[in-house]
Amino acid sequence: MARDPILKVRGLDVSFRTNDGPVHAVKGIDLDVFAGEAVAIVGESGSGKSQTTMALMGLLASNGEARGSALYRDQELLGLSERQLNKVRGKKITMIFQEPMTSLDPLYKIGRQLCEPLVHHGALSWRKSRARAIELLELVGIPDPKRRIDAYPHELSGGQRQRVMIAMALANDPDILIADEPTTALDVTIQQQILELLASLQKRLGMAIVFITHDLNIVRRFADRVYVMRLGEVVEHGEAGTLFADPRHDYTKMLLAAEPTGTKLPPAPDAPVLLEGRDVEVVFGTGGGGWFSGAPHQLRAVDGISIALRRGQTIGIVGESGSGKSTLGRALLRLLPGEGTIRFEGQDISKADRRHMLPFRRELQLVFQDPFGSLSPRMTVGQVITEGLLVHEPSLSTKARDARASEALKEVGLDPAMRNRYPHEFSGGQRQRIAIARAIILKPKIVVLDEPTSALDRSVQKQIVELLRDLQKEHDLSYLFISHDLSVVRAMADYVVVMKQGRIVEEGATEAIFEAPREAYTRALMAAAVNDTRFR
């Protein structure tokens, strides 16, 4: 006897009203989810994966509209009021969002944010909810959860924030868990742990998982069935084993084959040092007082690091989540307070205040890990990209700024006509390309790229790697390339720094690090990457 799906989607259609006319994001798709199974929805950025599930959860932007039918255990989800939806989402159907920093309230400690769904949906007391929250943090691999429960979101790494979101989604043992790129910000070792965690929880709780990703090779080890989406349509679907063994559609075959390739040649030996850090330290204070009391504690996020970036060089900074990679990048740009000496083109900027740093800002750009959190929702993409020009080239006319915006969008592979749209109208991958365009429009000398490809599908990653190489060659740029994705680092960097717990454990030429790592920690990272089929 055939089973009935617990989630039955028929003719789902999602469109958005924009300044350039309607955008048809999802085009009449059908989808089934059965109890206890893992269903993957895969495709490139902009294929409609996330908008499909956002429509099911009633979370479309105000200019979005969903039509069709979505039955959860015979209850129609489309068209429910907020009050009715709240009886389902957060308890029966939960979601792990792609961008955790925008989903976590920066004003509250993570402990309180974890406790709220437990109190609201689980009817626990605040005291019992705290104990359960600590269990959840431990379950998802947060170190020292009894202390970390009193941290604010900004005190956690990108990967740690994403694990907090997973803990929140699992809090009330949901019937269906929708995981939207849940491993995007995680290093290869933690990624494997999270996948194993989700699989074990699925088996133990009997819940269904809808796994949204651009990476078919992650799905290979995780999903029972797969839906492949392209331009809002399902182009292929079926059992995971069958689809991977014998993909029928050319688009599916392309997704399986896409991977960044090539190597980066080192700069000339006499290339000048542009940015230098000596004995750089960054210390954060955590805990102490507040709604959840905790003993004061100091976290040494960057512990006495020295690094030198030459003109035309790309230094890859790798390590697990929480190793201090992003903190080091921000400290070198003087975006975080710290100790030690930092020089740009020979000038000591270690103690420069905001006013004295302004002339250097144009030359020192940063592409953030979480592009949506750094893009103002009230500004069009054109306004976001040209905001820096208003500061550094105030004499430019509106027409000239608009032309520069069009040029920058073309450079990152986006249609210039999109500049009149707002950030929420773009996919995660498209938003990340917008963030890159905002940095390169000022023609800087140094760009710190903090996980610039983490939200991009493999085919677009390959394009972005080639784009960054071309820009580097054309403008003699220098990059600090921060990433947990070792295959991308290998294709981008000519020098690699391996970090663990705020310190450098190994560094050297890229091929030397990848072919003959000396330290056990580096070897463990490489081994985890080799176990990922993308890296073979």
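In whole percent, and with a 1.4 Å probe on the protein chains, what portion of the accessible area of the chain is carbon and sulfur?
49
For the listed residue pairs 325/410; 49/473; 109/146; 128/500; 253/410, the alpha carbons are over 24 angstrom apart in 325/410; 49/473; 128/500; 253/410. Couplings 3J(HN,Hα) for segment 431-445, derived from phi with the Karplus relation 6.51 cos²θ - 1.76 cosθ + 1.60 (θ = phi - 60°), are 5, 5, 5, 4, 5, 5, 4, 4, 6, 7, 5, 8, 6, x, 8 Hz, where x marks Gly and Pro. State, as an integer percentage, the relative contact order of the chain based on alpha-carbon contacts under 8 Å between residues 6 or more apart. Relative contact order of the chain: 16 percent.
Relative to the dominant Cα principal axis of the chain, helix 110-120 is inclined by about 10°. With respect to the chain, whose longest principal axis is taken over its alpha-carbon atoms, helix 398-411 is tilted by about 70°.
Cα gyration tensor of segment 314-385, axes a ≥ b ≥ c as square roots of the eigenvalues: rounded (a/c below 1.5), prolate (a/b > b/c) or oblate?
Oblate is the answer for segment 314-385, as a/c is 1.5 or above yet b/c matches or exceeds a/b.
When 144, 215, 13 are compared by accessible area of protein heavy atoms, the largest-first order is 144, 13, 215, using a 1.4 Å probe. Using only the Cα atoms of segment 398-536, build the gyration tensor, take square roots of its eigenvalues as a ≥ b ≥ c, and label the shape rounded, prolate or oblate: rounded if a/c is under 1.5, else prolate if a/b is larger than b/c, else oblate. Since a/c reaches 1.5 and a/b is larger than b/c, the shape of segment 398-536 is classed as prolate. Rounded to the nearest 10 degrees, the inclination of helix 458-475 to the longest alpha-carbon principal axis of the chain is 20 degrees. Only protein heavy atoms count here; on that basis, with a 1.4 Å probe, residue 15 has an accessible area of about 20 Å².
For the pair residue 83 and residue 221, label points projected 7 Å from Cα toward Cβ lie 4.7 nm apart. Sorting the segments 358-365, 175-182 by their mean number of nearby beta carbons within 10 angstrom, highest to lowest, gives 175-182, 358-365. For residue 135, the accessible surface of its heavy atoms amounts to roughly 100 Å² (probe 1.4 Å, protein chains only, rounded to the nearest 10).
Taking all protein chains into account, the per residue accessible area for the chain stands at 42 Å² (1.4 Å probe).
Each peptide in 323-333, 234-244 gets a packing score, the mean of other Cβ atoms within 10 Å over its residues, and the list from highest to lowest is 323-333, 234-244. Only beta bridges with both residues in the chain are counted; by DSSP, about 60 percent of them are antiparallel. Annotation: amide H-H contacts under 5 Å for residue 366 (H modelled 1.01 Å from N, sequence separation of 5 or more, or interchain): 448. Between residue 470 and residue 138, the C-beta separation translates, for a Förster distance of 41 Å, into a calculated FRET efficiency of about 0.35.
Between the entries [x] 21, 56, 22, 0; [y] 15, 29, 18, 13, 11, 9, 4, 0; [z] 17, 39, 30, 12, 3, the label attached to P(r) over Cα pairs in 20 Å bins from 0, in percent calculated for this structure is [x]. For segment 42-66 versus segment 318-338, the inter-centroid distance based on Cα atoms is 33 Å.
Residues whose amide H lies under 5 Å from that of residue 421, counting only those 5 or more places away or on a different chain, are 381, 382; hydrogens are built 1.01 Å from N in the peptide plane. Each residue of segment 222-230 is assigned a 3J(HN,Hα), and the resulting list reads 10, 8, 8, 10, 9, 10, 9, 10, 8 Hz, derived from the Karplus form 6.51 cos²θ - 1.76 cosθ + 1.60 (θ = phi - 60°), x at Gly and Pro.
For 357, 54, what's the largest-to-smallest order of accessible area, 1.4 Å probe?
Final ranking, largest accessible area leading: 54, 357.
The values are calculated or read from the model by the stated rules, or taken from the named source; none is laboratory data. Remember, it's a predicted structure, so these values are computed and weren't measured experimentally. Heads up, the Cβs are rebuilt from the backbone with ideal geometry, glycines too, and the neighbour counts pull from every protein chain shown. Remember, those area values only see protein heavy atoms, side chains included, never the ligands or the DNA or RNA. Shrake-Rupley method; radii C 1.70, N 1.55, O 1.52, S 1.80 Å.
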